[in-house]
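Visitor: One structure, as structure tokens, below. Some questions next.
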Amino acid sequence: MIDVERIRRDFPILGREVYGKPLVYLDNAATTQKPQCVIDAISEAYCNVNANVHRGIHFLSQQATDMMEAARDKVSQFIGAGSREEIIFTRGTTESMNLLASSFAQAFLKEGDEVIISGMEHHSNIVPWQIQAARYGFKLRIIPVTDRGELDMDAFRSLLNPKTKLVSITHVSNVLGTVNPISEIISQAHSHGIPVAVDGAQSVPHIKVNVKELGADFYAFSGHKIYGPTGIGVLYGRKELLEKMPPYQGGGEMIKRVTFEKTTYNELPYKFEAGTPDYVGSIALATALDYVQEIGLDAIAQYESELCDYALGKLTEIPGMRIIGNSDHRSAVISFLVGNIHPSDMGTLLDRLGIAVRTGHHCAEPLMDRMGIPGTVRASFSFYNTKAEIDTLSAGIERVKGMF
Ligand code: PMP
């Protein structure tokens, strides 16, 4: 059970006003707000344990290193990884996908090969592959999206062929809210011996994820979308694959021995973590994951699903409302358009009422093209949102409609 009033008190920003109105924050898919414990963890790390990690023999450096490495253990446990060596700290999902695309392509992809992505990917699971495709000559194949906003699974099956070397797919769409049948995708790809990478930016904060049970070969997510700080994220990779992949960046930390003739690389996961890492970010991310686990992902998923059903019920009562994405399997994201009102006009006017939503293409331009729309208004929910806030959103939309 979620005690939403108690939870809201953990988030100082939720108490503020915008344009003299109580803040209604419905832009959680872009970033989540931070509980006081995460803010305190950042402050505490800088006040008491700040020192560069891994290379120091002095007390503070060792303490900071221990805390960062404990954070790696926490992440590993949170997503059910096989070992801590499989957890690479990055700046976020975008950097995780760039690391993966660059290193995987160098190790495994050549001209004539194929990588399957889908028509509902965020640009960060499209463009890194395009950059590497231009370098190595492999092709991108795209799973089409149906009118309901689901992956066309028959088309997916027919795309799998001996040239396919990787499937890279989002777990949850940041636009449609669709939860993709990721287990099914993985088991079908694996039956052809093809590894699967999952963009978990929109799933990890909302659904209990166990990468081993899912069988994911790679899994990426961002700290800031799961109540942690900005600038820290994770790439999980299966050890056996990571070991065959070359480093992404060169520099300190990622080496074993450097000479001008020959350099050898560090072991996992450090091989992929060049330079001073955001150790404060990883420490505070661990605090965020503890916080989420204390509330419980089952309780979160149930509460957010109720909230989402309530919102869908309320919004569809509004004449002229068009919901973009109607999958039965959905997470806490609702995209919509109302009559002929441009999404940015709707967003700007809702903002004046204190309601924060996101508008535009949501970094998924190919999906907008597929749906034949320039963009959407997107409301996205967290366990700290309430039904009363959804009532405010719905009344706000009616009010904006009345202005046109
Ligand atoms: N993938 C998805 C599905 C996302 O929603 C986002 C963030 N909007 C990203 C990737 C990129 O995440 P970040 O900007 O934190 O790197």
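The values are calculated or read from the model by the stated rules, or taken from the named source; none is laboratory data. Note that the structure is predicted; figures quoted are calculated from it, not measured. Heads up, the Cβs are rebuilt from the backbone with ideal geometry, glycines too, and the neighbour counts pull from every protein chain shown. We work out accessible area using only protein heavy atoms, side chains counted, and drop any ligands, DNA or RNA first. Shrake-Rupley method; radii C 1.70, N 1.55, O 1.52, S 1.80 Å.
Visitor: Would you mind finding the one in T376, T386 that is within 16 Å of the ligand (Cβ to nearest atom), among the hydroxyl-bearing types (S, T, Y) and touching a helix residue (DSSP H, G or I) at 6+ places or on another chain (Cβ under 8 Å)?
Guide: Values: T386 fails: within 16 Å of the ligand (Cβ to nearest atom).
When all the criteria are applied, what remains is T376.
Visitor: Under 6 Å by Cβ, and 6 or more places apart or on different chains, what pairs join a residue from the range 228-247 that is at positive phi with one that is within 16 Å of the ligand (Cβ to nearest atom) and open to solvent by 10 Å² or more (accessible area, probe 1.4 Å)?
Guide: From residues that are at positive phi, the pairs are G231/R91; G231/D278.
Visitor: Taking L176 and the conditions (1) within 17 Å of N98 (Cβ to Cβ); (2) crowded, with 24+ Cβ neighbours inside 10 Å, which numbered condition does it fall short on, given that it satisfies the others?
Guide: (1) is the only condition that L176 fails.
Visitor: Can you confirm whether T276 is assigned by TED's automatic domain parsing to the domain that holds Q62, in contact (Cβ under 8 Å) with a residue 40 or more places away in the chain, closer than 29 Å to L99 by Cβ and over 22 Å from the mean Cα position of the chain (by Cα)?
Guide: yes
Visitor: Could you check the range 271-292 and list, in sequence order, the residues that are surrounded by 14 or more Cβ atoms within 10 Å (Cβ to Cβ) and of a type in the set (S, T, N, Q)? Before you say what the answer is, go through the steps one by one.
Guide: At the first step, the residues of the range 271-292 found to be surrounded by 14 or more Cβ atoms within 10 Å (Cβ to Cβ) are 271-274, 277-292.
Across the range 271-292, the qualifying residues are S282, T287.
Visitor: Looking for whichever is over 30 Å from S380 (Cβ atoms) and among the acidic types (D, E) here; the options are E306, E261. Which one fits?
Guide: E261
Visitor: Consider the range 339-368. How many of its residues are within 16 Å of the ligand (Cβ to nearest atom) and touching a helix residue (DSSP H, G or I) at 6+ places or on another chain (Cβ under 6 Å)?
Guide: Residues in the range 339-368 being within 16 Å of the ligand (Cβ to nearest atom) and touching a helix residue (DSSP H, G or I) at 6+ places or on another chain (Cβ under 6 Å): 4 in total.
Visitor: Within the group G360, G375, G347, which residue is under 27 Å from Y303 (Cβ atoms) and either touching a Gly at 6+ places or on another chain (Cβ under 6 Å) or not assigned by TED's automatic domain parsing to the domain that holds V175 (or both)?
Guide: G347
Visitor: Here's something else I'd like to know. Working only within the range 86-106, note down all residues that are open to solvent by 40 Å² or more (accessible area, probe 1.4 Å) and over 30 Å from Y227 (Cα atoms).
Guide: Q106
Visitor: Here is a list of conditions, (1) within 16 Å of the ligand (Cβ to nearest atom); (2) at pLDDT below 95, and G200 meets all of them except one; can you say which number that is?
Guide: For G200, the failing item is (2).
Visitor: Of the conditions (1) in contact (Cβ under 8 Å) with a residue 12 or more places away in the chain; (2) open to solvent by less than 60 Å² (accessible area, probe 1.4 Å); (3) assigned to a helix (DSSP H, G or I), E398 satisfies every one except a single condition; which number is it?
Guide: In the conditions (1) in contact (Cβ under 8 Å) with a residue 12 or more places away in the chain; (2) open to solvent by less than 60 Å² (accessible area, probe 1.4 Å); (3) assigned to a helix (DSSP H, G or I), E398 misses (2) alone.
Visitor: For residues in the range 225-270 being of a type in the set (V, I, T) and within 16 Å of the ligand (Cβ to nearest atom), which is surrounded by the fewest Cβ atoms within 10 Å (Cβ to Cβ)?
Guide: T230
Okay, residues lined up against (1) of a type in the set (G, A, S); (2) in a loop (DSSP other than H, G, I, E, B); (3) within 16 Å of the ligand (Cβ to nearest atom):
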| position | (1), (2), (3) |
| --- | --- |
| K34 | no, yes, yes |
| I42 | no, no, no |
| N50 | no, yes, no |
| V53 | no, yes, no |
| Q63 | no, no, no |
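Visitor: Go through the range 251-305 residue by residue and tally those that are closer than 16 Å to A45 by Cβ and among the aliphatic types (A, V, I, L, M).
Guide: 7
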